[in-house]
Amino acid sequence: MTISIPAQEELEALDEVLKRVAPIMRPRWQEKMSYLLNLTKQARGVKTLNREDVIKAAIFVSHPSPKWHENTAYYRERHGYKAKKDNYYAAPRRVKRWDSTATKPKRPPGEMKVLAFNSSPRKGGNTDVLIDEALRGAQAAGAQTEKYMLHYLNIKYCIGCRKCKEPNFKKICVLKDDMTDFIYQKIFDADIIVIGLPIYTGREPAQLATFFDRLDCMRRFDINKDLKTPTKLIRRGDKTAMVICTWGVITDKVDVYDHIIDRMIVLLNGHRIETVEALSACGFSGMLHGFDDDHKAIILRYPDEMKKAYEAGKALILGK
Ligand SMILES: Cc1cc2nc3c(=O)[nH]c(=O)nc-3n(C[C@H](O)[C@H](O)[C@H](O)COP(=O)(O)O)c2cc1C
């Protein structure tokens, strides 16, 4: 058997990637990347790979990818949108609508209830206006819609008491706040849930993390099916969802936070709620931090991008 020795370009690229991550992570990254690179070599029947292949392996190993740095540096240099207002206005803002899997719901549009939660604290911010536009699409298709901003609700942290997992516990949660007063019931009554999130430090904001922690009590119905409760069980197929995610940096493919959106979709799936629409939107950092001089969300100046939210909202009710 011949032992293949990676070419200089491959070694240098691997070194470049590994230097970007904390030393404590390097052995694990190296192991995972070597595994992927070897699979690629086998598939192609080649002995060495180029820089692009190594970067691609790094993208699979962990997001944000090294490409993320390349892209943002490129845009910052090209548009200088942090330093000059003209450049800020000229910088691209993009919305990506994921391939829709929405099908026509079984009930008439007029009976459909869409319940949206925005986890950004900024009223009229980019997440907020994209949610509103999706809701406008859903309304145009005949649905009833409602939106809450998590930040302005009284939602306490989960205290981890696990009372909600006890078979004889007759309430949904021990806490007393807006969740127990009306939000759980609204969720049980809704047909479609819309979750909006801005990326904060590479993940969902604390408001959304708290919200998902508090939804954990709904899972106990999986274990205690005969439990008598004031609410009803969520069956698979009862509800669908849409996720709308926005962030600051500009990247070509609008995909650097796909893994965070994936995570939200997995969490919803854990509640038997299938996400059928997703939007990613980027370019909301720089001089005015995603607003214009009138303090309006900058994405409002991009009607073609806004239209994607409208179409997605409509598809929630009518199918794709
Ligand atoms: C605390 C904080 C952390 C942020 N972290 C990131 C980040 O890691 N990556 C990024 O691209 N944008 C980041 N941003 C920018 C926001 O994601 C972006 O401005 C978002 O679109 C704001 O949504 P909104 O207009 O709906 O409030 C951050 C913003 C804040 C306030």
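Miscellaneous remarks
- Listed by first and then second residue, the pairs with beta-carbon distance under 8 Å, at least 6 apart or on different chains, first residue in the range 304-316 and hydroxyl-bearing (Ser, Thr, Tyr), second open to solvent by less than 70 Å² (accessible area, probe 1.4 Å), are 310/133; 310/134; 310/137; 310/140.
- Test: residue in the range 176-185 that is in contact with an Asp or Glu (Cβ under 7 Å, 6 or more places away or on another chain), modelled with pLDDT of 95 or more and in the same structural domain as residue 271 (by TED's automatic domain parsing): no
- Being surrounded by 14 or more Cβ atoms within 10 Å (Cβ to Cβ) and under 30 Å from residue 318 (Cβ atoms) is a description that does not apply to residue 175.
- For beta carbons closer than 7 Å, sequence separation of 6+ or different chains, a first residue in the range 246-275 that is on the phi > 0 side of the Ramachandran plot and a second that is open to solvent by 30 Å² or more (accessible area, probe 1.4 Å) and within 13 Å of the ligand (Cβ to nearest atom), the qualifying pairs are 254/94.
- Looking only at the range 169-204, residues that are in a loop (DSSP other than H, G, I, E, B) and touching a strand residue (DSSP E or B) at 6+ places or on another chain (Cβ under 6 Å) come to 4 in all.
- If you go through the range 179-192 and pick out every residue that is among the acidic types (Asp, Glu) and open to solvent by 30 Å² or more (accessible area, probe 1.4 Å), you end up with 2.
- Residues (in a loop (DSSP other than H, G, I, E, B) and of a type in the set (Asp, Glu)) located in the range 250-307: 252, 255, 292, 293, 294
- Residues located in the range 239-277, provided they are of a type outside the set (Val, Ile, Thr) and within 16 Å of the ligand (Cβ to nearest atom): 242, 245, 247, 248, 252, 253, 255, 257, 258, 259, 263, 264
- Residues in the range 286-320 that are in contact with a strand residue (DSSP E or B) (Cβ under 7 Å, 6 or more places away or on another chain) and within 14 Å of the ligand (Cβ to nearest atom): 290, 291, 297, 298, 299, 305, 309.
- On inspection, residue 283 does not qualify as more than 15 Å from the ligand (Cβ to nearest atom), assigned by TED's automatic domain parsing to the domain that holds residue 142 and within 16 Å of the chain's Cα centre (by Cα).
- Helices (runs of 4 or more DSSP H) completely within the range 1-111 that count 1 or more residues being at pLDDT below 90 and within 30 Å of residue 306 (Cβ to Cβ): 51-61, 66-79, 85-90
- Test for residue 288: is it modelled with pLDDT of 95 or more, assigned by TED's automatic domain parsing to the domain that holds residue 92 and open to solvent by 30 Å² or more (accessible area, probe 1.4 Å): no
- Counted residues, the range 147-170 - those being surrounded by 14 or more Cβ atoms within 10 Å (Cβ to Cβ) and touching a residue at least 12 places away in the same chain (Cβ under 8 Å): 10
The values are calculated or read from the model by the stated rules, or taken from the named source; none is laboratory data. Given the structure is predicted, the values throughout are model-derived calculations rather than measurements. Positions of Cβ are generated from backbone atoms using ideal geometry, with glycine treated the same way; all protein chains shown enter the neighbour counts. Heads up: the accessible areas ignore ligands, DNA and RNA and are worked out on the full protein's heavy atoms, side chains in. Shrake-Rupley method; radii C 1.70, N 1.55, O 1.52, S 1.80 Å.
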